[in-house]
Structure formats: structure tokens, C-alpha cells
Amino acid sequence: MTIDAARSADPPERLPAHDVRLRLEHERDSRLSQLSAVEEAADQASADLLAVQTDSARRVLAEIDLALARLENGTYGVCEGCGSAIPAERLEILPYASRCVGCQQRSA
Ligand SMILES: [Zn+2]
């Protein structure tokens, strides 16, 4: 990870790439902590619960990595469903969101 990697990322107004990156990295760190905590508790948790939790953490991690990639290639904040801008309010709540609320609900 170098400074140069941030060159062309240009997220929507009010969401400077630097802030978004910090937020995504924070989210990633919490999921990684969650993952290792869950894995450490493996001998206590039931196999099913463990699977659900690791699954969920891994899925979010994948979404976070995709969001970081979108930040790099300049498509961060663009809905993958309809191509319109995802509202900043939504990105503030869910910085790795790849779809607007409408498209998310339609795909759910
Ligand atoms: Zn959409």
C-alpha cells in the first residue's frame, strides 16, 4: 500500500478518499478482530454458530476489499445496480455499500 495508490480515487463530495479509506480500514480491522475472536472461541461455540459468524465476517471482508478496490479505480459510491450515486448518508452508515437502498432491496 503506497501513497501513489490513492492518486485517481475520487469519491463523492463530502467523502474524501482519505476518510473513506480510514473508515473502510477500520471496518476491516474490526471484522478481522471479530474473525480471530470467533476462531479463538471455536472450541466453545457450536459448529453451526461458528460457521454463521465466520461466514458473515468473511462476506463483509470481501465487500470491504471490493469497496477499497472501487476507491482505487474511481467507481466508489456508484450503485452497481442502477449506476446512480449512492447517497453519502448511506455510505456514512455502510461505507462498503455497493448498491443504493432501492437496488439493495430489489436484490434481497
Ligand atoms: Zn441503485
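No value in this document is a laboratory result; all are computed from the given coordinates. Every value quoted in this text rests on a predicted model; they were computed, and no experiment measured them.
Observations, loosely collected:
- Close amide-amide hydrogen proximity is noted between G81 and C100, each under 5 Å apart and 5 or more residues distant or on a separate chain (H modeled in the peptide plane; Pro and chain starts excluded).
- Available extension along the chain between D19 and L66 is 15.3 nm, counting 0.36 nm per residue and deducting the alpha carbon span.
- When you work out D = kT/(6 pi eta Rh) for the stretch 15-107 at 20 °C and 1.002 mPa s, using the Kirkwood radius from C-alpha pairs as Rh and the Stokes-Einstein form, the result is 151 µm²/s.
- Each residue of the stretch 91-108 was assigned a 3J(HN,Hα) from its phi angle through the Karplus expression (A = 6.51, B = -1.76, C = 1.60, θ = phi - 60°), giving 5, 6, 6, 10, x, 9, 4, 10, 9, 6, 4, x, 5, 4, 5, 5, 8, 7 Hz with x at Gly and Pro.
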